[in-house]
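Reviewing the structure listed below.
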Amino acid sequence: MTGSTSFILLHTTRFGENSIVLHTLSKEYGRKGFVVRSVSKKMMSLLLPLNILEADVTDSGKPGLLPVRNISIGRPLMGIRNNLFKNTMTMFLSEVLYRVVKEGTAEPGLYEWCEKSIHLLDAVQSDFSNFHIRFLLELSVALGFSPEAQDLMPFVGDHYPLVEKF
């Protein structure tokens, strides 16, 4: 069965001569690895940390890596890609997500929260120097452990809404 899906790119791993494994987070599959065969240089420009991508997934129902084709960017993140500091943050945050969220994990609401946070980082013009701290604190809530809401206030202030429990 082939269908289109959206996912957030967390990490890439070379696989063979010209293939890549995409470690992703998606609504349908949770944290899952996909394989892309015959990777071109143009496609490599799409494979940046925390990019929100769309692709056709061939799901045979078997466990393991699923093949993907027709990869495209769901929404360009120009506010992130044109800013060195935001770009560096996405590298750090994607590595944290890659290491913390285990393969096969499908936390309800995690994908939506990550997507919303990425769009927020993309849109904010100033006062984003502590965004990564806020992200990590909210991620702890999403994963089931957290400080009290009033403990978050020194980090997020009035500028950002507090995380909603999902």
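The figures follow:
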quantity	calculated
Hits in segment 88-112 - residues which are open to solvent by less than 40 Å² (accessible area, probe 1.4 Å) and within 17 Å of Lys32 (Cβ to Cβ)	Ser94, Leu97, Val101, Thr105, Gly109, Leu110, Tyr111
Neighbours by Cβ (under 7 Å, 6+ apart or cross-chain): first from segment 110-133, of a type in the set (D, E, K, R); second outside any loop (DSSP other than H, G, I, E, B) and open to solvent by less than 20 Å² (accessible area, probe 1.4 Å)	Glu115/Ile8; Glu115/Ile52; Asp122/Ile80
Conditions (1) at pLDDT below 95; (2) of a type outside the set (S, T, N, Q); (3) within 16 Å of Asn51 (Cα to Cα); (4) in a helix (DSSP H, G or I); number of the one not met by Pro76	(4)
First in segment 6-27 and on the phi > 0 side of the Ramachandran plot, second anywhere and outside any strand (DSSP E or B), Cβ under 9 Å, 6 or more apart	Gly16/Arg37
Residues of segment 30-53 that turn out to be of a type outside the set (Gly, Ala, Ser), more than 14 Å from Gly74 (Cβ to Cβ) and open to solvent by 60 Å² or more (accessible area, probe 1.4 Å), as a count	4
Residues of segment 98-112 classified as out of contact with any helix residue (DSSP H, G or I) (no Cβ under 6 Å at 6 or more places or on another chain) and either closer than 20 Å to Asn87 by Cβ or assigned to a helix (DSSP H, G or I) (or both), total	5
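The values are calculated or read from the model by the stated rules, or taken from the named source; none is laboratory data. The structure displayed is predicted, hence computed values, not measured ones. Here Cβ is always computed from backbone atoms with ideal geometry, including for glycine, and neighbour counts include all displayed protein chains. Side chains included, ligands, DNA and RNA excluded: accessible areas come from the protein's heavy atoms. Shrake-Rupley method; radii C 1.70, N 1.55, O 1.52, S 1.80 Å.
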